[in-house]
Amino acid sequence: MTVLIWLLLAIGVLAVAICAVHVHRHHGPTREVSVVLPLAGLSALPALLVEDASAAAWGLWGVTGIAAALTWAVADTLRDIPATPPARSRRAR
């Protein structure tokens, strides 16, 4: 069961990192991110509650949940900021 906890925690951290890259590339939230982030934050919770997990596992679960919330907050903020058009280069004459 301990291996399952650490595996779920690693998957959660990896999912949050992938969502952060996805948010950065798409300049805001997408439907996939809105589904994956809560699942990444909560996927290991049942295993943590059943097993007598270590403090490190609980800490990593907390960090994953906070990172998922911050990733969503950044995505929501990026959605509200208008995209800037590409800058035109001026040639010196």
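The values are calculated or read from the model by the stated rules, or taken from the named source; none is laboratory data. Here the structure is a predicted model, which means the values were calculated and not measured. Positions of Cβ are generated from backbone atoms using ideal geometry, with glycine treated the same way; all protein chains shown enter the neighbour counts. Note: areas computed on protein heavy atoms with side chains; ligands, DNA, RNA excluded. Shrake-Rupley method; radii C 1.70, N 1.55, O 1.52, S 1.80 Å.
Based solely on its DSSP helices, what 222 nm [θ] is calculated for the chain when runs of n ≥ 4 H residues each add -39,500 (n - 2.57) and the sum is averaged over all residues, nearest 500 deg cm²/dmol?
Values: 4 runs with 69 residues, N = 93.
Helix-only estimate at 222 nm: -25000 deg cm²/dmol.
If you roll a 1.4 angstrom probe over the protein chains with everything in place, what fraction of the accessible area of the chain belongs to carbon and sulfur, to the nearest %?
Of the solvent-accessible surface of the chain, carbon and sulfur hold 67 percent.
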Nearest 10 degrees is fine. How inclined is helix 55-80 to the longest principal axis of the chain, computing both from alpha carbons? 20
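What translational diffusion coefficient, in µm²/s and rounded to a whole number, does the Stokes-Einstein relation yield for the stretch 1-90 at 4 °C and a viscosity of 1.567 mPa s, taking the hydrodynamic radius as the Kirkwood radius over Cα pairs? Walk me through the numbers on the way to the answer.
On the way: Rh = 14.2 Å.
Answer, rounded: 91 µm²/s.
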Would you work out the charge dipole size for the chain about its Cα centre, treating the Cβ of every Lys and Arg as +1 and the Cβ of every Asp and Glu as -1, and quote it to the nearest 20 debye? 1060
